[in-house]
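Asker: This structure is in structure tokens; I'll ask about it shortly.
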Amino acid sequence: MALGLRVKRNSGDSGPDKLALVFFIAMLFFTVYNFLFGRYNLMELKKIRENLTNIEARLQSLKKENSKLEEDVELVEKGRDYYLEELVRQKMQLQRPEERIILFKK
């Protein structure tokens, strides 16, 4: 059964095990260093997420405003004279010659 193969016995030298441990500790150190002090550290990632949240909220409000303006454009195209008169009355507070405008204080 021996077939002439020799088994090398371990003489107490664990060189490859120490090298793997040193490599693992070095990688762990660099990983922790990058989390704390790297370009995209934890604080920077938190700021980026906050900015992203703010931008998404602003985007939603702009989408709502855009859809409202699109609805206004459609209404103006359908009933141009009526909505034009309403716009002039609201924004410019114009009136017809026989009308009076009454303003209330809040």
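Read-outs throughout are calculated quantities, based only on the coordinates presented, and are distinct from any laboratory measurement. Since this is a predicted model, take the numbers as computed values, not measurements. As a convention, Cβ positions derive from the backbone with ideal geometry for all residues, glycine included, and neighbour counts pool all protein chains shown.
Asker: Using a cut-off of 30 Å between alpha-carbon atoms, which lysines can reach residue 47, once sequence neighbours fewer than 8 places away in the same chain are excluded?
Answerer: 63, 64
Asker: Let me ask another. Rounded, prolate or oblate: which one fits the stretch 22-92, using the alpha carbon gyration tensor with axes a ≥ b ≥ c (rounded when a/c is under 1.5, else prolate when a/b beats b/c, else oblate)?
Answerer: Prolate, because a/c is 1.5 or more and a/b exceeds b/c.
Asker: Along the charge dipole of the stretch 22-92, which of 33, 54, 83 sits closest to the positive end, that is, farthest toward it, with unit charges on the beta carbon of Lys, Arg, Asp and Glu (+1, +1, -1, -1)?
Answerer: 33
Asker: If one computes P(r) from the Cα atoms of the stretch 62-106, what percent of pairs lie at distances over 18 Å?
Answerer: Beyond 18 Å sits 46 percent of the P(r) for the stretch 62-106.
Asker: Report the FRET efficiency, 1/(1 + (r/R0)^6), for residue 64 and residue 30, where r is their Cβ-Cβ distance and R0 is 41 Å, rounded to 0.05.
Answerer: 0.35
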